[in-house]
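The values are calculated or read from the model by the stated rules, or taken from the named source; none is laboratory data. Please read these numbers as outputs of a predicted model, since none were measured by experiment. Every residue, glycine as well, gets a Cβ built from its backbone with ideal geometry; the counts of neighbours run over all protein chains shown.
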Amino acid sequence: MSSHAPLNDIDGFCRVLAASGLVSGDSIAAILVDFRAHSAQDTKYGASFTAFMKYLVANGIVTCWQCAKLRNGQYQGFFLDGYRILDSIGADPGCSRFLAEDSRSAQCVVLCVKPPSVAPLKNGHPEYWVEDFNP
């Protein structure tokens with residue numbers, strides 16, 4: 001999905017979040033209830049859109065990188081086979097590197113993904129490999 005004007009409202013962001021598959025619709029409803037209860041006590045920021053995004057990141061619901069992508073209306077590209085992509089950590093002409101979580105073991109790995117301009121897609125998936133990750 002291409003970039004759009006950045007979202008500036010909680011409801012629109014929640015629609016994109018649900019479309020991404022990062023959080024289920026039921027979980028989003030529970031998150032909204034908790035956020036509203038939390039923001040009712042916060043006299044400085046209240047229930048603003050910025051406060052909602054900070055709440056999502058602070059509670060580990062999404063990463064800053066995921067939040068920025070979602071805010072731009074990008075809801076695809078967070079999953080690759082059995083990996084959940086958490087962050088972009090660099091790129092060179094041959095590949096982009098992402099911090100990802102293995103859904104089977106919950107271990108963090110570095111995925112090196114070749115862009116379609118370097119290696120054609122195979123069955124709709126980019127070519128990638130896992131690099132060693134030592135935090």
- Within the group 118, 57, 62, which residue is among the β-branched types (Val, Ile, Thr) and in contact (Cβ under 8 Å) with a residue 40 or more places away in the chain? 62
- Query: Residue check, residue 83 against (1) at pLDDT 90 or above; (2) of a type in the set (Ser, Thr, Tyr); (3) over 15 Å from the mean Cα position of the chain (by Cα), all met but one. Which one?
  - Reply: (3)
- For segment 20-37, which residues satisfy the criterion of being assigned to a helix (DSSP H, G or I) and loosely packed, with under 15 Cβ neighbours inside 10 Å? 25, 26, 27, 29, 30, 33, 34, 36, 37
- For residue 75, indicate whether it is closer than 22 Å to residue 16 by Cα and either at pLDDT 90 or above or not in a helix (DSSP H, G or I) (or both). yes
